[in-house]
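Structure record follows, encoded as structure tokens.
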Amino acid sequence: MSAVSRVVGRYEVVRPLGAGAMATVDLAHDVELDRPVALKRLAENLARDDDLRRRFVREARLAARLAHPNVVRVYDVGEDDGRPFIAMEYVEGETLADLVARRGPLRPAEAAALGVQACAGLAAAHAAGLVHRDVKPQNLLLSSDGVLKLGDFGVAVGHDGTRLTLAGTVLGTAGYLAPEQARGEQVTAAADIYAIGAVLYELLIGEPARVVASLAELGRADGFRPPDLAALLPGAPAELVTAVGACLSVSPEERPASAAALARVLASVASEAGTLSLPADPAQRATEILAAPSSRRSRRWAGRRRIAAAAALLAAGAGGLAAALVLTAGGHASPVRSTPPPVAPPPAGTDAAQQAQNLASWLRQHTH
């Protein structure tokens, strides 16, 4: 950079790490504490949107509740020249998406070891009453010393039901969405366990378990049939194959009871299992974390599922900030049998920033 740029006089910007439709992430130096940080700032063209600003700040506050080795730490949140920012732990390494792209399929023992660490981070989030809702390889950061960290709580939801997006709005990357999440229903922590199964499948096979190419495919029941991992990976440990298949079950109740329970199974086949720290058994099952909304509100939200599904595809198309640091929700609702009227998708943008603006405008128009 030709000149030193500082944020609130404290964070000296060093170089870009990544940029997406919603935010930018830069490597910065905290001059007060003399340490590197990842500085995430809401995109300039979106900073005037009050709803997006609140969501951005909410992400920081949710993530700041957690202090765990397998979760990216949030140090500070504030605003500079009208742009909200979050200062986070800088993770020097790569995302799991980068790892698979570079190496291809991993050995079962290595994939299982990474899965144990991901489960440990999720278990901490679930214990704090948070459901991540956007677990995917791009949001799992592998540091140079081998520690895996979970980032991006931008679409997380807490026990208190606090959320900026409408309940039922599906965010995240479509290929990792649990069936109940893709249908726009209230989700529980079991949706995160489904996503971990999808991540493990990708680590083992080198390709996603499910690719969504159209809106019609997003919620189609047969699209969630678990892949035959045993046939694709002969010789893999049976307990690992069974665990991944259970994670990808259509019914949340048929998935592992908790992230901790899944971690114990994965640890049995993980490399260097003796060095891994296993999370404690939780007081609740995954399906009990995040109470279902009241019936009246549930009926109102469920009528907007088609809007939610379109939002999911747009979010997936926009993608995450896949860089050295990428930070870009008890019971499930009964399916609604009535079919909502069709909703025209938002207009396409000429670039990622315009696409994000169009999406924000479209959601405001269709969710009042």
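Remarks
- Any hit, the range 105-113, residues being part of a strand (DSSP E or B) and within 21 Å of residue 277 (Cβ to Cβ): no
- Any hit, the range 248-255, residues being within 14 Å of residue 118 (Cα to Cα) and at pLDDT 95 or above: no
- Residues that are under 19 Å from the mean Cα position of the chain (by Cα), within 25 Å of residue 276 (Cβ to Cβ) and not aromatic (Phe, Trp, Tyr) within the range 75-100 comprise 88, 89, 91, 93, 94, 95, 96, 97, 98, 99, 100, listed in sequence order.
- Restricting the range 173-213 to residues that are of a type in the set (Ser, Thr, Tyr) and not in a loop (DSSP other than H, G, I, E, B), the residue that is farthest from residue 112 (Cα to Cα) is 176.
- Given (1) touching a Ser or Thr at 6+ places or on another chain (Cβ under 8 Å); (2) under 24 Å from residue 268 (Cα atoms); (3) surrounded by fewer than 18 Cβ atoms within 10 Å (Cβ to Cβ), index of the condition residue 92 fails: (2)
- Scanning the range 262-276 turns up no residue that is surrounded by 13 or more Cβ atoms within 10 Å (Cβ to Cβ), assigned to a helix (DSSP H, G or I) and among the hydroxyl-bearing types (Ser, Thr, Tyr).
- Residue in the range 33-44 that is buried (at least 16 other Cβ atoms within 10 Å of the Cβ), in contact with a Lys or Arg (Cβ under 6 Å, 6 or more places away or on another chain) and under 15 Å from residue 91 (Cα atoms) present: no
- Counting only strands (runs of 3 or more DSSP E) wholly contained in the range 1-85, the ones carrying 1 or more residues that are modelled with pLDDT of 90 or more, touching a Gly at 6+ places or on another chain (Cβ under 7 Å) and β-branched (Val, Ile, Thr) occupy 23-30.
- Per the conditions (1) crowded, with 23+ Cβ neighbours inside 10 Å; (2) within 21 Å of residue 202 (Cβ to Cβ), the sole criterion not satisfied by residue 143 is (1).
- Of the residues making up the range 51-74, at least one is of a type in the set (Val, Ile, Thr), more than 17 Å from residue 280 (Cα to Cα) and surrounded by fewer than 23 Cβ atoms within 10 Å (Cβ to Cβ).
The values are calculated or read from the model by the stated rules, or taken from the named source; none is laboratory data. What you see is a predicted model; the values in this text were computed from it and never measured. All Cβ positions, glycine included, derive from the backbone under ideal geometry; neighbour counts span all protein chains shown.
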